[in-house]
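S.K.: I have a structure I would like to understand better, so I am pasting it below and will then ask my questions one at a time.
The values are calculated or read from the model by the stated rules, or taken from the named source; none is laboratory data. All values reported here derive from a predicted model rather than from experimental measurement. Cβ placement follows ideal geometry from the backbone for every residue including glycine, while neighbour counts extend to all protein chains displayed.
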């Protein structure tokens, strides 16, 4: 497997944020980061922190990531799944104290900003953070940006978009008043333009995996997506993806592939199994197999218009792939199979994330009807105890071999 040379120093990034002294907003992943930045607020992401807790281990053992002690700490405090997911349990465990974090925890929150276009757990997550901070004598206002679900419709209507925009503007006005900052339309246009540039580069990086054989694996993209989550709108995000794109295009020009003998190409469906991301990449590579795309990384595709900055934020943040109709998601995934010349799909049934899993299960008949080979493996995004290595090894081995035979 070819290792990436381009890296985003996430540790230095968080160190810089802690030293900058800007008011800090703990945000759900699909909160409008660009608008907060234009209001003088620095967004940070508990979900990204939780993913780090699951992906890294204090003893360099994938079966013992930081997340285990954090989950246990939150459970002992009295909070359990399914009220919140293992992401929330992990992050809250560090906030409660006496639990290690590779970045020594996120900077202390001044506010929590949740957007429920992804799920309702993010609102409950913010409620818990607010409650813990209140017990410590800290007032952490909790803003919730709400949108309607698109269970049977393809798009939000004009009235719903106007309401979403009104909520954003009311929140921003209150935040600026509370923290003594100023919202700047000029700054917003600049930030949205920067965000659009980095997002365009990110998409180009992902699309390079359409090449057969692929120059890189989507398991590497799981880690490479961090800046598009935590640094949208910042110049360092654009710089990173330009460097990544240059490295990947150089591989293409030199006819370098991620693995030497690529026989099988797979799509990953749903959130990664962070503790076993590297294990899965190695397991696949040993069988001349590679993950070329995923519904997770490809959910982070944003297109903005700096000339209509606020409206373009509304158009993008009012929905995401977890808030679309079953048919839309099925068609989108099947398009991905075709566009990336994939042979099959590996669906992750995540023990603690109900909304994405329900889509996985509801789409399985659609995959069958479309004639796309697929399997479903059961695990969890950060709770390594949910990963049955023997069982999953057998499932994946049989699946990959069946795809090889089918190609012959």
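S.K.: In region 300-351, which residues are at pLDDT 90 or above, surrounded by 17 or more Cβ atoms within 10 Å (Cβ to Cβ) and in a loop (DSSP other than H, G, I, E, B)?
M.R.: 304, 318, 340, 342, 343, 351
Every residue, every condition in (1) part of a helix (DSSP H, G or I); (2) closer than 30 Å to residue 357 by Cβ; (3) under 22 Å from the mean Cα position of the chain (by Cα), yes or no:
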| position | (1), (2), (3) |
| --- | --- |
| 194 | yes, no, yes |
| 199 | yes, yes, yes |
| 209 | yes, yes, yes |
| 222 | yes, yes, yes |
| 239 | yes, no, yes |
| 251 | yes, no, no |
| 258 | no, yes, no |
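S.K.: Now for a separate question. With the checklist (1) touching a helix residue (DSSP H, G or I) at 6+ places or on another chain (Cβ under 9 Å); (2) surrounded by fewer than 23 Cβ atoms within 10 Å (Cβ to Cβ) in hand, flag the one item residue 273 doesn't pass.
M.R.: (2)
S.K.: So, one more: Being crowded, with 24+ Cβ neighbours inside 10 Å and either on the phi > 0 side of the Ramachandran plot or out of contact with any helix residue (DSSP H, G or I) (no Cβ under 7 Å at 6 or more places or on another chain) (or both): is that true of residue 25 here?
M.R.: Judged against the criteria, residue 25 is not a match.
Results for (1) buried (at least 16 other Cβ atoms within 10 Å of the Cβ); (2) assigned to a helix (DSSP H, G or I), shown as yes or no for each residue.
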{"position": "177", "(1), (2)": "no, yes"}
{"position": "182", "(1), (2)": "no, no"}
{"position": "186", "(1), (2)": "no, yes"}
{"position": "204", "(1), (2)": "no, yes"}
{"position": "219", "(1), (2)": "yes, yes"}
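S.K.: Name the residues in region 4-28 that are more than 17 Å from the chain's Cα centre (by Cα), in contact (Cβ under 8 Å) with a residue 12 or more places away in the chain and either under 26 Å from residue 188 (Cβ atoms) or not in a helix (DSSP H, G or I) (or both), would you?
M.R.: Matches in region 4-28: 4, 5, 6, 13, 14, 17, 18, 20, 22, 23, 24, 25.
S.K.: Under 6 Å between Cβ atoms, at least 6 apart or on separate chains: pull out the pairs that start in region 295-306 with a residue that is closer than 15 Å to residue 118 by Cα and end on any residue that is modelled with pLDDT of 90 or more and part of a loop (DSSP other than H, G, I, E, B).
M.R.: 296/271; 297/225; 300/225
S.K.: Kindly indicate the residue of region 116-137 that is modelled with pLDDT of 95 or more and over 16 Å from residue 74 (Cα atoms) and also surrounded by the most Cβ atoms within 10 Å (Cβ to Cβ) among those meeting that condition.
M.R.: Top of the filtered list is 134.
S.K.: Of all the helices (runs of 4 or more DSSP H) wholly in region 29-129, which have at least 1 residues that are closer than 30 Å to residue 315 by Cβ and touching a strand residue (DSSP E or B) at 6+ places or on another chain (Cβ under 7 Å)?
M.R.: 33-38, 46-55
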